[in-house]
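Notes for the one structure printed next.
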Amino acid sequence: MSAVVDVAAVDLGASSGRVMVGRVGPGRVALTEAHRFPNVPVRVGGTLHWDILRLWQGVVAGLRAAGPVTSVGVDSWAVDYGLLDATGALLGNPVHYRDARTDGVAERVEEHLGRERLYATTGLQRLPFNTLYQLVAAAGTPQLATADRLLLIPDLITYWLTGRLGAEVTNASTTQLYDLRRRAWATDLMAEAGVPAGLLPPLHPPGTRIGPVRPDLGLPGTPEVVAVGSHDTASAVVGVPAAGERFAYVSCGTWSLVGVELDAPVLTEASRRANFTNEAGVDGTVRYLRNVMGLWLLQESVRTWGDVDLPALLRQAAEQPAFRSVVDPDDPVFLPPGDMPARIADACRRAGEPVPDTPAATVRCVLDSLALAHRRAVRQAQELSGRSVDVVHVVGGGARNELLCQLTADACGLPVVAGPVEATALGNILVQARAAGAVGGDLAALRGLLRATQRLVRYEPRGDQAAWRAAQERMGGGGCASRCS
């Protein structure tokens, strides 16, 4: 192994982006934030877009602020894409996955291709904004008709950095255009859906050296771009500091991605009915998980309320009665931006639940409901995969939320280990550092390095499981049998 290296992680999230510098070597992992910038969607002509050029500007400014680094790795959210013409020019701003253009499209596609076939090929849960549905929704538009290539968001940033076209596997597996067993684009399925196979670039795995950064960008040094787990959850799972295989993870931010790590996909009918997804992970693993709406409900509530003291609000929420009101976070009504407290109140009315009458009561409703959703997903993941777990790792921004972490431990009846908060950036830089030879070994070795260097907090379960079971029944069932329909 070589000496310590400095590498840069470009990590683009739904509300902000940042460039983090990682210094990695034997027994050493340290992160420094070089630059952070907002990610503010823009609505034009009734369509919600990502402001991709503003994000690109933030990426370049961050890499300049990072100073000389050995390499750069890019990760972001999944499913969204940019279209390029034959000259490599971008054909308009990418459309946001929360845009309404895919309303009703999943049903049409499933009627044509069959739900069972879609799942058997791609292993993906049914989400209305999967890339396949976005492309079907875009059929007939001048942009799609003109497009020569489709690049997912991190692949688009990589292309602008290097001039090289490609698709990293972990993010490609989220599109519903990827055959998980063949580990190739699902060309037959794409043809029947009307998606030209030539639209998609060649695939490459995490750890691939893409190429040097273009010199005209004027970045310090001569870094190369290395493919990482470019779906941010894939990098976050690398950053789970687990010892052994018997763990579940909750990558908790705008979304909660709740699941287990497996060697092979679970493509059973019960898994499909439970709406679990199989996504490619680093080193050939499978991320078997379920998307839960996550802290989006809290984030949108805070945005609606305006200037609030969130730490004080969380302390007040901890003093609220447990389970007074619960909602199902996965209700599609919560997906679009808007007045989230009003939607939560309306959902409570429809379900016969007490309506939260203060911000603290609303926050407690959100966190109790999220803990219940985590409980449901952890139990289903074990039942459907046959993988028992002894501990739940909460990583990402949600690891800072002490109340949510404790409630998740209580709900699951399992210890919760919270941290690292920066799991995505850490997973990103570790894959780069391994490619550079600064660290070696498999995922277990990388995770051991995290356990030795990162701050972790353990929460022991407490309280009465019977109370959680009763609350689960109010929200929507406590196990696979109640959801598999």
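Any residue in the stretch 353-369 that is outside any loop (DSSP other than H, G, I, E, B), out of contact with any helix residue (DSSP H, G or I) (no Cβ under 6 Å at 6 or more places or on another chain) and free of Cβ contacts under 8 Å to residues at least 24 places away in the same chain? Within the stretch 353-369 (the criterion being outside any loop (DSSP other than H, G, I, E, B), out of contact with any helix residue (DSSP H, G or I) (no Cβ under 6 Å at 6 or more places or on another chain) and free of Cβ contacts under 8 Å to residues at least 24 places away in the same chain), the answer is no, since none of the residues qualifies.
A residue that is in contact with a Cys (Cβ under 7 Å, 6 or more places away or on another chain) and either buried (at least 24 other Cβ atoms within 10 Å of the Cβ) or not hydrophobic (A, V, I, L, M, F, W, C) (or both) cannot be found anywhere in the stretch 403-414. Applying the criterion of at least 2 residues that are under 12 Å from Ala360 (Cα atoms) and open to solvent by 40 Å² or more (accessible area, probe 1.4 Å) to the helices (runs of 4 or more DSSP H) found wholly in the stretch 265-344 leaves 310-318.
Go through the stretch 181-192 and give me each residue that's touching a residue at least 60 places away in the same chain (Cβ under 8 Å), in a loop (DSSP other than H, G, I, E, B) and open to solvent by 30 Å² or more (accessible area, probe 1.4 Å). Even if it seems obvious, please write down each step before you answer.
Keep residues of the stretch 181-192 that are touching a residue at least 60 places away in the same chain (Cβ under 8 Å), which gives 181, 183, 186, 189, 192.
Next cut, in a loop (DSSP other than H, G, I, E, B) only: 181, 183, 186.
Of everything in the stretch 181-192, those that are touching a residue at least 60 places away in the same chain (Cβ under 8 Å), in a loop (DSSP other than H, G, I, E, B) and open to solvent by 30 Å² or more (accessible area, probe 1.4 Å) turn out to be Arg181, Arg183.
Applying the criterion of being in contact with a Gly (Cβ under 7 Å, 6 or more places away or on another chain) and aliphatic (A, V, I, L, M) to the residues of the stretch 154-180, the residue that is surrounded by the most Cβ atoms within 10 Å (Cβ to Cβ) is Leu156. Residues in the stretch 88-118 that are free of Cβ contacts under 8 Å to residues at least 24 places away in the same chain and assigned to a loop (DSSP other than H, G, I, E, B): Ala89, Gly104, Gly114.
Residue by residue, here is whether (1) modelled with pLDDT under 95; (2) more than 29 Å from Leu310 (Cα to Cα); (3) of a type in the set (Val, Ile, Thr) holds:
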site	(1), (2), (3)
Val389	no, yes, yes
Pro415	no, no, no
Ile429	no, yes, yes
Leu443	no, yes, no
Leu449	no, yes, no
Ala467	yes, no, no
Gly476	yes, no, no
Gly479	yes, yes, no
Ser485	yes, yes, no
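Conditions: (1) open to solvent by 10 Å² or more (accessible area, probe 1.4 Å); (2) closer than 30 Å to Arg43 by Cα; (3) in a helix (DSSP H, G or I). Cys348 meets all but one. Number of the miss? The one condition Cys348 does not meet is (1).
Which of (1) crowded, with 21+ Cβ neighbours inside 10 Å; (2) within 18 Å of Leu156 (Cβ to Cβ) is the odd one out, the single condition Asp216 does not satisfy? Here Asp216 meets the rest and fails (1). Residue count for the stretch 247-264 satisfying the condition of being part of a strand (DSSP E or B) and under 23 Å from Asp328 (Cβ atoms): 10.
Do we find a residue being within 21 Å of the chain's Cα centre (by Cα), closer than 30 Å to Arg214 by Cβ, among the β-branched types (Val, Ile, Thr) and surrounded by 22 or more Cβ atoms within 10 Å (Cβ to Cβ) anywhere in the stretch 106-125? Scanning the stretch 106-125, I find no residue that is within 21 Å of the chain's Cα centre (by Cα), closer than 30 Å to Arg214 by Cβ, among the β-branched types (Val, Ile, Thr) and surrounded by 22 or more Cβ atoms within 10 Å (Cβ to Cβ), so the answer is no.
Just one of Arg400, Arg350, Arg376, Arg324 is under 24 Å from Gly463 (Cα atoms) and more than 24 Å from the chain's Cα centre (by Cα); which is it? Arg324 is the lone residue from the list that is under 24 Å from Gly463 (Cα atoms) and more than 24 Å from the chain's Cα centre (by Cα).
The single residue among Arg54, Arg18, Arg23 that is among the basic types (Lys, Arg), touching a helix residue (DSSP H, G or I) at 6+ places or on another chain (Cβ under 8 Å) and over 17 Å from Val213 (Cβ atoms) turns out to be Arg18. For residues in the stretch 1-29 being under 20 Å from Ala452 (Cβ atoms), hydrophobic (A, V, I, L, M, F, W, C) and not in a strand (DSSP E or B), which is most open to solvent (accessible area, probe 1.4 Å)? Of everything passing the filter in the stretch 1-29, Met1 is most open to solvent (accessible area, probe 1.4 Å). The set of residues from the stretch 423-440 being under 17 Å from Ser230 (Cβ atoms) and either without any contact (Cβ under 8 Å) to a residue 40 or more places away in the chain or open to solvent by 10 Å² or more (accessible area, probe 1.4 Å) (or both) comprises Thr424, Arg434, Ala435.
The values are calculated or read from the model by the stated rules, or taken from the named source; none is laboratory data. All values derive from a computational prediction rather than experimental measurement. Don't worry about glycine lacking a Cβ; one is built from the backbone with ideal geometry, like all the others, and counts go over all protein chains shown. Only protein heavy atoms, including side chains, enter the accessible area calculation; ligands, DNA and RNA are left aside. Shrake-Rupley method; radii C 1.70, N 1.55, O 1.52, S 1.80 Å.
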